[in-house]
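Read-outs: derived from the displayed coordinates by stated rules, not from any lab. Quick caveat, the model's predicted, so the values are computed rather than measured. Note: ideal-geometry Cβ built from the backbone for every residue, glycine included; neighbour counts use all protein chains shown.
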Amino acid sequence: MIVPPGPVVSASLRPPAGGHIEELMKLGEIGYVRGIQAKLAEIEADSPENGAFVSHMRDLMDTFDLKQYMAVLEALRSDDG
């Protein structure tokens, strides 16, 4: 039996504050890729310590993998709450 992979959330990813996660989720829900890219740039500029997170999420946006993008954010939101 083949099980599809779940969201890949590396322990090395340091997610931004919850408010940023919520904003990124809202942008993902409407598929606003340019808005997501702008938000990731804002997070990177304001919080360089979130660089690995931003890089990972940009990789997902480069391939337009919104399903995985949303799965990662949902997993982070679940861990936070």
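A simple spin-label model places pseudo-atoms 7 Å from Cα toward Cβ; at ILE30 and GLU42 they are separated by 1.3 nm. For q = 0.14, 0.28, 0.33 Å⁻¹, what log10 I(q)/I(0) does the range 32-74 give under the Debye formula with an equal point scatterer on each alpha carbon and no solvent? Per q value, in the given order, log10 I(q)/I(0) is -0.28, -1.03, -1.23. On full extension, the segment bounded by ASP62 and GLU74 gains 2.4 nm, given 0.36 nm per residue less the C-alpha separation.
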